[in-house]
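This report refers to the structure that appears directly beneath it.
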Amino acid sequence: MDNKDQYAYWLACVKGCTRRVQKRLFGVCAGAEEVYRLNQRQLEKIPGLLPKDVISIVESKKNWDIQGAYEQLAQAGISFTSLEKADYPLKLRELSDAPFGLFYRGRLPAPDEFRVAVVGARMCSEYGRTVARQLARELAAHDVAVVSGMAQGIDAAGHRGALDSGGDTYAVFGCGVDLCYPRYHKQLYSDIMQHGGLLSEYPPGTNPLPAYFPQRNRIISALSDVVA
């Protein structure tokens, strides 16, 4: 374990520390560890940081056990990478608002695989569900990985189609990866973890909120070579 992972994990969990805030921080700091070591007065001197941003960062350190928190993450079976790591997905890195941290169960998308996003309506017709599953099944049979959001309807059909062919599939969550959402997709959740990965920019324990799902869609798109 690289010590800088512990600091990156902390920064990814700071409430209100958006990409705007992180970009301001990294304008003067080389990485998350350097950010962690700044005191309140030093943070207040960073251009573009609002008082509420400074308070969030300062308060977050008060009860945070750098080493212990990261060890607990690993014990929960959750892996973590960040923009500071070489294994961070290259396609995702190219996003202007790429998430600083990425939590996952299973594995990250392989750099050399071709990926197609199969996404669509939750309340779809049976015909739509059948077509999505067949499409994903055929893609996986040709060594194409399927990316989606594990929602009911087209998303779930896409994942299941890839699994039908023994292919790889990745689900991007609008909540923490420790939460199976929707709950009735427990078997699908487990299957995806074994044959690909469950990914999220949100820390473990983050509940699914409506605003998070449009945000996760940019990750689905960025990870994919084609959107179907």
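The values are calculated or read from the model by the stated rules, or taken from the named source; none is laboratory data. Note that the structure is a prediction, hence the values are computed from the model and not measured. FYI the Cβ positions are ideal-geometry reconstructions off the backbone, even for glycines, and counts take in every protein chain you see. These accessible areas exclude ligands, DNA and RNA; they are computed on the full protein's heavy atoms, side chains included. Shrake-Rupley method; radii C 1.70, N 1.55, O 1.52, S 1.80 Å.
Here's a check for you: in region 79-99, which residue that is touching a strand residue (DSSP E or B) at 6+ places or on another chain (Cβ under 6 Å) and open to solvent by less than 10 Å² (accessible area, probe 1.4 Å) is farthest from GLN6 (Cα to Cα)? Taking the candidates together, the pick is TYR88.
No other residue among SER190, SER165 is touching a helix residue (DSSP H, G or I) at 6+ places or on another chain (Cβ under 8 Å), open to solvent by 30 Å² or more (accessible area, probe 1.4 Å) and of a type in the set (Ser, Thr, Tyr) apart from SER165. From the list GLY166, GLY174, GLY149, GLY197, the lone residue that is over 24 Å from ALA8 (Cα atoms), small (Gly, Ala, Ser) and touching a strand residue (DSSP E or B) at 6+ places or on another chain (Cβ under 9 Å) is GLY149. Residues that are among the polar types (S, T, N, Q) and under 20 Å from GLU201 (Cβ atoms) within region 146-160 comprise just one, SER148. Of everything in region 203-221 that's open to solvent by less than 20 Å² (accessible area, probe 1.4 Å) and not basic (Lys, Arg), which residue is farthest from ALA145 (Cα to Cα)? Step by step, filter region 203-221, then rank; the result is ILE219. Listed by first and then second residue, the pairs with beta-carbon distance under 6 Å, at least 6 apart or on different chains, first residue in region 158-170 and under 12 Å from ASP143 (Cβ atoms), second in a strand (DSSP E or B) and of a type in the set (Gly, Ala, Ser), are ASP168/ALA145; ASP168/GLY196. The single residue among HIS195, HIS159, HIS185 that is under 21 Å from ALA228 (Cα atoms) and either in contact with a Phe, Trp or Tyr (Cβ under 6 Å, 6 or more places away or on another chain) or surrounded by fewer than 23 Cβ atoms within 10 Å (Cβ to Cβ) (or both) turns out to be HIS195.
In region 17-55, which residue that is within 21 Å of LEU92 (Cα to Cα) and part of a loop (DSSP other than H, G, I, E, B) is most open to solvent (accessible area, probe 1.4 Å)? Selected residue: ALA30. Condition first: in a loop (DSSP other than H, G, I, E, B) and among the basic types (Lys, Arg). Now tell me which residues in region 76-112 satisfy that. The answer is LYS85, ARG107.
Flag set for ASP155, criterion: among the acidic types (Asp, Glu), within 17 Å of TYR189 (Cβ to Cβ) and in contact with a Lys or Arg (Cβ under 9 Å, 6 or more places away or on another chain).
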